[in-house]
Each structure stands twice: as structure tokens, then as C-alpha cells.
1. List the GluC sites (Glu not before Pro) in the range 246-303 that DSSP assigns to loop (not H, G, I, E or B) and whose Cβ has at most 10 other Cβ atoms within 10 Å. Which are they?
2. For the chain, set up a Gaussian network in which alpha carbons nearer than 10 Å are linked by springs, and say which option among Gly302, Gly270, Gly135 fluctuates the most.
3. Give the order of Leu114, Leu15 when sorted by the count of other beta carbons within 10 angstrom, beginning with the fewest.
4. Given the options Val206, Val287, Val107, which has the most mean-square fluctuation in a GNM of the chain, springs set between C-alpha atoms less than 10 angstrom apart?
5. Could you give the length gained on full extension between Lys216 and Asp190, defined as 0.36 nm per residue of separation minus the Cα-Cα distance, in nm?
6. Figure the gain on full extension for Asp67 and Ile304 (residue separation times 0.36 nm, minus the Cα-Cα span) and round it to one decimal in nm.
7. Please give me, ordered by residue number, the GluC sites (Glu not before Pro) of the range 162-239 that lie in loop per DSSP and have at most 10 other Cβ atoms within 10 Å.
8. Could you point to the residue in Ile165, Pro198, Ser146 farthest towards the positive end of the range 141-211's charge dipole, with +1 and -1 charges on the Cβ of Lys/Arg and Asp/Glu respectively?
Amino acid sequence: MGKIVKGRILVTGGLGYIGSHTCVELIRSGYEVSIIDNLVNSERFILDRIEKITGEKIDFYEIDITDLTQTMICFNDKKFDLVIHFAALKSVNESIKFPDRYFKNNVGSVENILKCIKSEDVKGFVFSSSCTVYGQPDILPVTESSPFKKAESPYAETKQICEKIIKEFAIINKKPSISLRYFNPVGAHDSGLIGELPRGVPDNLVPFITQTAIGKREKLKVFGDDYSTKDGTPVRDYIHVVDLAEAHVSAVDRLMNEETNESYEFFNIGTGKGYSVLEVIKSFERVNKVQLPYDIVGRRQGDIESIYSDNKFSKQTLNWRASRDLDQMMKSAWIWEKKLKESGS
Ligand code: NAD
Ligand code: WQD
């Protein structure tokens, strides 16, 4: 008996960190996948790795989505039931230096994809949003009804703008759409074949930890221990990238089964637990039996003290759970870093 295919999903940015893990989980759950990526922050070998993990051949379009003509060709080539849009530039620091680049790429690519969806028979749209839309929240944990406060960076502003554009598009065109607001995605696939591939010196904590542990960086700098938190270091809601990928499958199922209550829905995707920087370091050292050299230095400009999610709404409505704990996140991140070194990638 042939296998039952649940539908074909176009995954933009599918060779990136979260997109690649989501492609794997979509295929595992019975979907077919096509990918668009312009490789601005990813490598072609990730395609082979996704194919190796899943045993499936995947359509790949090397296209820059800010080019509408090229993007439309791809929509003429295949029929997609649904689109998940990961493609974006994601460095908060870089966005402060080059805001125009971020507005053009992140907002421009959403506008183009929505134009393509509008004229095609696509059932719905899933968007990669971020907890940065909440700015510096007044009340913790952050629920979905927390307001958008002042964006702390041009990157965060692109996410706020995109959510507003998508909401309007979904309501006017009756194309149900879901934004998933991720907290801090970390970790890697259990196979060690896919994971985060930072270009240059990583901004984010976990890739900096693993690169220090492997000897690529001399020492980790812990940015401040004078915050009003349990041990003085900032608190974040770290979520395993495979749990995050599974949340996308739940969102896709919800749209495919026409279960949405509103044209536009949005969900927090986090574990609901906050960990400090020192707790992350301790977990990494303990589970991997590695000593991590680090110094406490001054605060990083723009860092907020604490943020973590209230994920009750996403658990109930998406029928989804974040089941992997901080130790599993740290273990998988380390396996990925070691395998990356072995493969010389
Ligand atoms: P990533 O950089 O690993 O993946 C993004 C992918 O999109 C890359 O493969 C890149 O080459 C591609 N891309 C970018 N612009 C493109 C364009 N114009 N045309 C075609 N392809 C393009 O990033 P990620 O961590 O996987 O993040 C995916 C999404 O999730 C992004 O929208 C990001 O803003 C959002 N997000 C990420 C985090 C995080 O901490 N990683 C947190 C919240 C939200
Ligand atoms: C976490 C904690 C740092 C590096 C960013 C984006 C956000 C989202 C996720 C996209 C902070 C500390 C870090 C280091 C450190 N991405 N740290 N030494 O800042 O919470 O969020 O990534 O949407 O938009 O802003 O994540 O991993 O950079 O930092 O001490 O070398 O680790 O101060 O407290 P952040 P992060």
C-alpha cells in the first residue's frame, strides 16, 4: 500500500536552522516538502542532510524571495497546499548596523510571498515571528495578549510590521494564517546531522558556548551578573529546536484541517520556564562533562533582564507540548558542534 500524503508544504528558508528541522518533522508526519532558500545564511549540504535523515528527495529552488518574478515561477511550477515562511535575516546586532537591509529583506519577502499566495490555491500561511515583538514586557510570563511594546531593534520592528501585514492579508483575503512567536530556540537534531550554523562570531549564547568548548573561541563572556534575577544573570525561555519544529507541524495540521477559530491566530512557542545564563552554562558543563572557560563582563547593550512565555494557549489550542528539557538542549547542541568539526564543515 502506498503511503498517504497529507499535502505539499512550501518551506521558505528551509535550509536554515529552524527550517531544516521543521522540514524533517513535516516529512516524518506525512507531508511533502519543497524548499526555497537563497543560501544567504545556509549551506547547500544541509539539503543532503535533510534527505539523509528522512530518506526523501526534496525539491529545492535557489531563489531570493525579494525577487517577485522568480518567486512566482516557483508557484507556477508546483501546487502548494500551504506555506511556512522562515526566510529572513535574524541578527539583532546586524539589523542595528544595516536597518535598510533588514526592512527590505524581511518585510519585502513577506509582501512577495503573500502576493503569490493570494493568486494561488494555497490554504494558509505560517509565519516565523519572535518574542521580540513584545519588546521589554511589563508582566511575566508573557501571554499572547501582552501588547507590542517599542521594538528594541530594527529586526524586532520587522517582525511587528510583518505580523500586522499578515493579519490584514489573512482577514481581507480569507486565507487563514498563523504567527508563531518563538522564544530562544537552541539545540539540534538527535542525529547530529543538522543544527545551527552561525556565520562568523556567534551573537547568541548557545553557539558561543559550543564554539568555546570545542576550542574555536577562547572564552565565553557572560554579559552582566548584576540583574535582579535568581543569580544576577538574565533569564530566557530556551526551547529545543525539535520541539519548535513540532509546533510548526501542529500549526500546519490546524490549517490543513480547517480548525482555526480566527483568520489570524498567533501563539507563543516556548517552554514556559526561564533559565539564567549561569544555569545554561552549568547544564552544558554537567551533561557534557566539559569545563567551560568564561568571564563575567559588563552588560550587553539592549539586553532585557528576563523574558519567558506563558504557553498555556498554544498547548491547549495547538495540542502541542515542549517535551525536551534544558539538559537535552545542551547535549544535542554539543553533539552537533562535535560532528560539525569531524565533518570539517
Ligand atoms: P536562519 O538564518 O538559519 O534561516 C533563515 C533562512 O532563510 C536561511 O537559510 C537563509 O539563507 C534564508 N533566507 C533569508 N533571506 C532570504 C531570502 N530573501 N530569500 C530566500 N531565502 C532567504 O534563521 P533561523 O534561526 O532558522 O530563523 C528562521 C526564522 O525564525 C527567521 O524568520 C527568524 O527571524 C525567526 N526566528 C528565529 C529565532 C532564533 O533565535 N533563531 C528566534 C525567533 C524567530
Ligand atoms: C541570551 C542570553 C545574553 C551571548 C536573541 C534575539 C531574539 C531571538 C533570540 C530572533 C542573554 C547572554 C549571550 C554571549 C552572554 N532571535 N549572552 N554571552 O538576546 O535573548 O535573543 O536571540 O528572533 O530576537 O534578540 O539571545 O542567545 O543572544 O542571549 O552572556 O556571548 O545570553 O546577554 O542574556 P537573546 P542570546
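1. Within the range 246-303, the qualifying GluC sites (Glu not before Pro) (loop, at most 10 other Cβ atoms within 10 Å) are Glu258.
2. Most flexible of the set in this elastic network: Gly302.
3. Numbers: Leu114 22, Leu15 29.
With the sparsest Cβ surroundings first, the list reads Leu114, Leu15.
4. The residue that fluctuates most here is Val287.
5. Details: separation 26, 0.36 × 26 = 9.36 nm, distance 2.25 nm.
Between Lys216 and Asp190, full extension yields 7.1 nm more.
6. Working: separation 237, 0.36 × 237 = 85.32 nm, distance 3.54 nm.
Difference between extended and current length: 81.8 nm.
7. Details: sites: Glu163, Glu168, Glu196, Glu218; in loops: Glu196, Glu218.
Hits after loop and neighbour filter: Glu218.
8. Towards the positive end, the residue furthest out is Ile165.
Values in this text are rule-based calculations from the coordinates and carry no lab data. Note that this is a predicted model, so its numbers are computed, not measured. Reconstructed Cβ throughout: ideal geometry from the backbone, glycine too, with neighbour counts over all protein chains shown.
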